[in-house]
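Below you'll find the structure, written out as structure tokens, and then a few comments.
The values are calculated or read from the model by the stated rules, or taken from the named source; none is laboratory data. Predicted model only: the values in this text are computed from it and were never measured. In this analysis, Cβ positions are derived from the backbone assuming ideal geometry, glycine residues included, and neighbour counts consider all displayed protein chains.
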Amino acid sequence: MLPRRMRLLCFCAVITGSTLFVNAQQARKTENIIFMMTDGLRWQEVFRGADSNLINKKYGKVADIESVRKDYWREDTDARRLALMPFLWQVVAKQGQIYGDRDKHSDAFVTNGLNFSYPGYSETLCGFADPRVKSNDKIPNPNLTVLEWLETKPGYRGKVAAFAAWDVFPSIFNANRAGFPVNAGYDAFAEASANPELIF
């Protein structure tokens with residue numbers, strides 16, 4: 001994980017449970033929590049939209065500059081980011097929460113001093129940096145992630161799963177110890193208890 005970068009989509013951990021929230025009008029249940037991260041997505045595009053410094057041939061390697069500007073460039077920052085990432089800003093931002101807008105001082109940094117993935121994901125998922133986690137090698141994480149901790153709670157046992165695009169995540173989650181399904185890389189999802197909607 002690179003410090004100073006926003007992470008949203010590469011790994012998706014799904015926790016299904018029921019937490020009761022009460023507002024003035026009605027009681028509502030939160031049935032699912034979806035936590036998403038991505039590796040290498042710049043916060044500038046997420047919160048500012050298309051970067052004018054990259055809409056060119058020299059730095060952005062853009063072949064049809066006018067077409068890209070027409071599709072994605074807007075003078076207003078909110079309109080520009082909506083044009084670039086419509087689902088994120090029309091759905092996710094309205095129905096959930098997005099953090100990391102440095103223009104609004106919503107900064108987040110890893111503290112491990114390393115500029116690559118496994119140490120950053122471990123710190124994010126465990127809540128602290130561990131100097132023993134210092135490579136991207138497939139070494140089982142010695143630390144407990146928040147998902148493994150949740151899996152030990154009676155209300156969440158059997159309701160936690162992680163899906164990831166990188167084949168190192170089974171090690172990051174320490175899948176052999178964790179007790180919940182971890183599907184990563186190009187592995188087929190073959191959980192015996194999976195319902196037909198998950199098998200496709």
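For the stretch 125-190, please list each of the helices (runs of 4 or more DSSP H) lying entirely inside it that holds at least 3 residues being more than 19 Å from residue 110 (Cα to Cα). Output list reads 146-151, 175-178. Residue count for the stretch 67-103 under the criterion of being of a type in the set (Lys, Arg) and in contact (Cβ under 8 Å) with a residue 40 or more places away in the chain: the result is 1. Quick check: anything in the stretch 175-184 touching a strand residue (DSSP E or B) at 6+ places or on another chain (Cβ under 7 Å), closer than 26 Å to residue 43 by Cα and of a type in the set (Gly, Ala, Ser)? Yes, some residue in the stretch 175-184 is touching a strand residue (DSSP E or B) at 6+ places or on another chain (Cβ under 7 Å), closer than 26 Å to residue 43 by Cα and of a type in the set (Gly, Ala, Ser).
Residue 62 passes every criterion in (1) surrounded by 14 or more Cβ atoms within 10 Å (Cβ to Cβ); (2) at pLDDT 95 or above; (3) of a type outside the set (Lys, Arg) apart from (2). Is the stretch 118-125 home to any residue that is more than 25 Å from residue 87 (Cβ to Cβ), among the hydroxyl-bearing types (Ser, Thr, Tyr) and either surrounded by 12 or more Cβ atoms within 10 Å (Cβ to Cβ) or under 19 Å from the mean Cα position of the chain (by Cα) (or both)? Yes - at least one qualifying residue is present in the stretch 118-125.
Residue count for the stretch 170-192, restricted to those that are surrounded by 19 or more Cβ atoms within 10 Å (Cβ to Cβ) and either in contact with a Ser or Thr (Cβ under 7 Å, 6 or more places away or on another chain) or not polar (S, T, N, Q) (or both): 9. If the condition is being surrounded by 20 or more Cβ atoms within 10 Å (Cβ to Cβ) and farther than 23 Å from residue 189 by Cβ, then the stretch 127-169 contributes only 133. Screening residue 93 on (1) in a helix (DSSP H, G or I); (2) surrounded by 10 or more Cβ atoms within 10 Å (Cβ to Cβ); (3) modelled with pLDDT of 95 or more shows it passes everything except condition (3). Looking at residue 78, is it modelled with pLDDT of 95 or more, surrounded by 11 or more Cβ atoms within 10 Å (Cβ to Cβ) and either among the charged types (D, E, K, R) or in a loop (DSSP other than H, G, I, E, B) (or both)? Here the answer is yes, as residue 78 does meet what is asked.
Hey, among 36, 6, which residue is at pLDDT 70 or above, closer than 30 Å to residue 136 by Cα and surrounded by 14 or more Cβ atoms within 10 Å (Cβ to Cβ)? Of the residues listed, the single one that is at pLDDT 70 or above, closer than 30 Å to residue 136 by Cα and surrounded by 14 or more Cβ atoms within 10 Å (Cβ to Cβ) is 36.
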